[in-house]
Amino acid sequence: MLQPTPTADQLDELVDVTGRIMTGVETVLSGRPDLVRLTVAVLLAEGHLLLEDVPGVGKTTLAKALARTIDCTVGRIQFTPDLLPSDLTGVTIYRSESHEFEFRPGPIFSHIVIGDEINRASPKTQSALLESMQEAHTTVDGTTYALPRPFLVIATQNPIEMEGTYPLPEAQRDRFMARLAIGYPGAQAELEMLERQETTDPLDHLHAVTDAATVLRLITVARSLYAAPAVKRYVVALVEETRQDDGLRLGASPRAAIQLLRAAKSLAAINGRDHVLPDDVQTLAEPVLAHRLLPSTQARLAGRSPADTIRDLVARVPLPTYAPGSLDAARARRATG
């Protein structure tokens, strides 16, 4: 059974709303439009985002700015070594007046959860996020509670200062759809940032441009985009290559393939297309796959990172081919001009 593709009106609304979200975020984070676009793509793909970079480049600012552009509930967690799982999920307390137990939800029960310095909490606390991130619900004292939709975890971590930190386990890194590094701004962007923040905080002037219900509707639109069988085979080929490459001792999981396709659909929708192109997959291959891979000993000694390996794979894996005269071929020709 063929799934209906989104209508022109639905795509127009998606492009308009995501455009306003990106414009709002870019007023706070100057000079990184591609980064903002990928962040919004993760939101529409119902994934989770790991921001990994040195201190002071705007990781938490990006997370806060995205949350403020959407009229929804936001929970912020400052991860520390003494943080307990119940500090995230909530606790059940006994009410002596009514002789009943009452559940008090934690900050995880929010549409957007900002986890600051996630690698400063113990593995036990980090693992409290696993069920929530994968299944959109959490279990406390034997009772399962559904989380609101949309549900997005934006976690930050500092890869430089490792004292007092706990590396994220592979199972949890695999739950993050994408890992992004903000990087240092260019000279002009940093000058604009100084002028904007000389007297006020731009976050104070950032207002919501949409709401959770609209974002949830747009998620459904993005997921219904058409992906040709050849594009799906291309996604699988990239993922399979990570499992066979000599420079890696752990390749990408089937979950990675699913999330790569979903993210590619969202990016295509943001760009105003009703179908996915190999370009969308190539753009997202590094941020979606690299953080899930473990380099081999030889690769580490040679100074090669998983990101280097992904770039090599994208360069050598053949692009998908379409049957001559097919609708997929016509779409690809129109999109590439």
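Using Cα pairs under 8 angstrom and six or more residues apart, how large is the relative contact order of the chain, in percent? Intermediate values should be presented prior to the final figure.
Details: 560 pairs, mean separation 75.2, N = 337.
About 22 percent, as a whole number.
Which order, highest average first, do 262-274, 22-34 follow once you tally other Cβ atoms within 10 Å for each residue and take the mean per peptide? Before the final figure, lay out each step's value.
Working: 262-274: 23.8, 22-34: 18.5.
Ranked by mean Cβ neighbours within 10 Å, highest first: 262-274, 22-34.
Counting Lys and Arg as +1 and Asp and Glu as -1, what is the net charge of the other residues whose Cβ lies under 15 Å from the Cβ of P306?
Values: positive: R173, R179, R243, R249, R292, R300, R304, R311; negative: E52, E170, D174, E241, D245, D246, E286, D308, D312.
Result for the neighbourhood of P306: -1.
Going 7 Å from the Cα of D246 in the Cα-to-Cβ direction, what parts of the range 258-294 have a backbone nitrogen less than 20 Å from that spot?
What the label zone holds, given the 20 Å backbone N cut-off, is 294.
So if we plug the beta-carbon distance of T220 and R76 into 1/(1 + (r/R0)^6) with R0 = 35 Å, what FRET efficiency do we get, rounded to 0.05?
On the way: r = 27 Å, r/R0 = 0.78.
Given R0 = 35 Å and the Cβ-Cβ separation, E is 0.80.
Ignoring ligands, DNA and RNA, what percent of the 1.4 Å accessible area of the chain is carbon and sulfur?
Details: 8540 of 16150 Å².
Carbon plus sulfur share of accessible area: 53 percent.
With each run of n ≥ 4 DSSP H residues scored as -39500 (n - 2.57), what mean residue ellipticity at 222 nm is computed for the chain after dividing by its residue count and rounding to the nearest 500 deg cm²/dmol? Walk me through the intermediate numbers first.
On the way: 15 runs with 155 residues, N = 337.
When only DSSP H runs of four or more count, the value is -13500 deg cm²/dmol.
Tally Lys/Arg at +1 and Asp/Glu at -1 over every other residue whose Cβ is under 15 Å from the Cβ of E198; what's the total?
Working: positive: R196; negative: E190, E192, E195, D201, D204.
Counting the neighbours of E198, the net charge comes to -4.
Could you work out Rg/(2.2 N^0.38 Å) for the chain, with Rg from alpha carbons only? Mind showing how you got there, number by number?
On the way: Rg = 20.9 Å, N = 337, 2.2 N^0.38 = 20.1 Å.
Against the compact-globule rule of thumb, the ratio is 1.04.
Would you mind getting the Kirkwood hydrodynamic radius of the range 237-294 from its Cα pairs, rounded to one decimal in Å? Walk me through the numbers on the way to the answer.
Numbers: mean 1/r = 0.0851 Å⁻¹.
That comes to 11.8 Å for the range 237-294.
Take every Cα-Cα distance within the range 181-252, group them into 10 Å bins from 0 onward, and report for each bin the whole-number percent of pairs it holds.
14, 17, 21, 27, 19, 1
Let me know the Rg and Dmax you get for the range 110-177 when you use only its Cα atoms, in Å.
12.6, 39
Where does helix 33-44 land angle-wise versus the long Cα axis of the chain, in degrees 0 to 90, nearest 10?
70 degrees
Provide the packing ranking of 105-114, 127-136, 197-206, i.e. peptides ordered by the mean count of other C-beta atoms within 10 Å per residue, highest first. Display every interim value, and only then the final one.
Values: 105-114: 21.6, 127-136: 17.6, 197-206: 11.4.
Order by mean packing, descending: 105-114, 127-136, 197-206.
Could you tell me how far the Cα centroid of the range 21-45 sits from the Cα centroid of the range 96-158, in Å?
Taking the Cα centre of each part, the range 96-158 and the range 21-45 sit 25 Å apart.
For L191, put the label point 7 Å out on the Cα→Cβ axis and report which residues of the range 18-34 keep their amide N under 20 Å from it.
Residues passing the 20 Å test: 27-33.
For the range 23-143, what does the equivalent ellipsoid look like in terms of its semi-axes, each the square root of 5 times an eigenvalue of the Cα gyration tensor, given largest first in whole Å? Intermediate values should be presented prior to the final figure.
Working: eigenvalues 189, 50, 33 Å².
They are 31, 16, 13 Å, listed from largest to smallest.
Could you state the angle between the C-alpha long axis of helix 212-223 and the longest principal axis of the C-alpha atoms of the chain, as a value from 0 to 90 degrees rounded to the nearest 10?
The helix 212-223 is inclined about 30 degrees to the chain.
So if I restrict to the alpha-carbon atoms in the range 213-314, what is the Rg, and what is Dmax, the biggest pairwise distance, in Å?
Calculated on Cα positions, Rg and Dmax stand at 14.9, 49 Å.
Can you give the angle from 0 to 90° between the axis of helix 306-316 and the longest principal axis of the chain, with both taken from C-alpha atoms, to the nearest 10?
20 degrees
In nm, give the distance between the simple-model label positions of R316 and D12, each being 7 Å from the Cα along the Cα-to-Cβ direction.
Placing both labels 7 Å along Cα→Cβ, they lie 4.7 nm apart.
Once Rh is set to the Kirkwood radius over Cα pairs, what Stokes-Einstein translational diffusion coefficient, in µm²/s, holds for the range 91-135 at a temperature of 37 °C and a viscosity of 0.692 mPa s?
Working: Rh = 12.8 Å.
For the chosen part, D equals 257 µm²/s.
Could you give the length gained by full extension between K124 and F103, i.e. 0.36 nm per residue of separation minus their alpha carbon distance, to one decimal place? Write out the running numbers ahead of the final one.
Values: separation 21, 0.36 × 21 = 7.56 nm, distance 2.11 nm.
So the extension gain works out to 5.5 nm.
Of the beta bridges DSSP finds with both residues in the chain, what % are antiparallel, to the nearest 5?
Numbers: 12 of 31 bridges.
Once the DSSP bridges in the chain are tallied, antiparallel ones form about 40 percent.
The values are calculated or read from the model by the stated rules, or taken from the named source; none is laboratory data. Predicted, not measured: the structure shown is a model, and the values here were computed from it. Positions of Cβ are generated from backbone atoms using ideal geometry, with glycine treated the same way; all protein chains shown enter the neighbour counts. In case anyone asks, the SASA skips ligands and DNA or RNA and just uses the protein heavy atoms, side chains included. Shrake-Rupley method; radii C 1.70, N 1.55, O 1.52, S 1.80 Å.
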